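Notes follow once the structure below has been shown.
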Amino acid sequence: MQAFIHYFLHLVFPLFIAYVFFKKDWKTVYLLLLATMLVDADHLLATPIFQANRCSINFHFLHTYYAMGVYVFMLFLKRPFRIIGIGLLFHMLTDFIDCLIMYSNCKTCLATAPAYQFIASVSQWIGIT
């Protein structure tokens, strides 16, 4: 179920965002939102490249809190940068939801994750623990 939620949020939900909020040119916006998944190229620089229980948030350099600050800044720019910022922030939210699901299934699995404290706090706040 975790994989379904993750890929639904990465591939299908951006279509909803594009169609509901950008009706006039939803196809272009949807393609831009999909293109923001290229942010995952930073995963190729990790060792190992794939690790089953790795939380991307604050681990990969384009998934850090500093990078997210840049993505928030992009919301104040003109198109297409605003749309790219929306896509990148939604990507981070999707990855964070994935981390929350991992945490709810195995709290010790993320014990060494850079965002562990934040995940644990949000998890407790929303009542997952």
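The values are calculated or read from the model by the stated rules, or taken from the named source; none is laboratory data. Just so it is clear, the model here is predicted, and its values are computed rather than measured. Cβ: placed from backbone, ideal geometry, glycine included. Neighbour counts: every protein chain shown. We work out accessible area using only protein heavy atoms, side chains counted, and drop any ligands, DNA or RNA first. Shrake-Rupley method; radii C 1.70, N 1.55, O 1.52, S 1.80 Å.
What to note about this one:
- Note on the stretch 62-111: Kirkwood radius taken over Cα pairs, Stokes-Einstein applied at 20 °C and 1.002 mPa s, translational D equal to 181 µm² s⁻¹.
- Only helices enter this figure: runs of n ≥ 4 DSSP H residues, each worth -39500 (n - 2.57), summed and divided by the residues of the chain, yield -17000 deg cm²/dmol at 222 nm to the nearest 500.
- Charge dipole (debye, nearest 20) of the stretch 1-110; +1 at Cβ of Lys and Arg, -1 at Cβ of Asp and Glu: 400 debye
- Here Tyr19 and Leu44 are evaluated by their C-beta separation; at R0 = 25 Å the FRET efficiency comes out at 0.20.
- Think of the chain as a dipole: +1 on every Lys or Arg Cβ, -1 on every Asp or Glu Cβ, centred on the Cα centre; then among Cys109, Cys99, Tyr71, Tyr71 lies furthest on the positive end.
- Between the residues His43, Phe118, Leu31, the greatest Cα displacement towards the positive end of the dipole of the chain, with unit charges on the Cβ of Lys, Arg, Asp and Glu, is found for Leu31.
- Per residue, the chain exposes 62 Å² of accessible surface when a 1.4 Å probe is rolled over the protein heavy atoms with every protein chain present.
- The mean of 1/r over all pairs of different alpha-carbon atoms in the chain, once inverted, gives a Kirkwood hydrodynamic radius of 15.4 Å.
- In Å², nearest 10: area of Val29 left accessible to a 1.4 Å probe: 0 Å²
- Of the trypsin sites (Lys or Arg not before Pro) found in the stretch 1-65, no site is in coil according to DSSP while having at most 16 other Cβ atoms within 10 Å of its Cβ.
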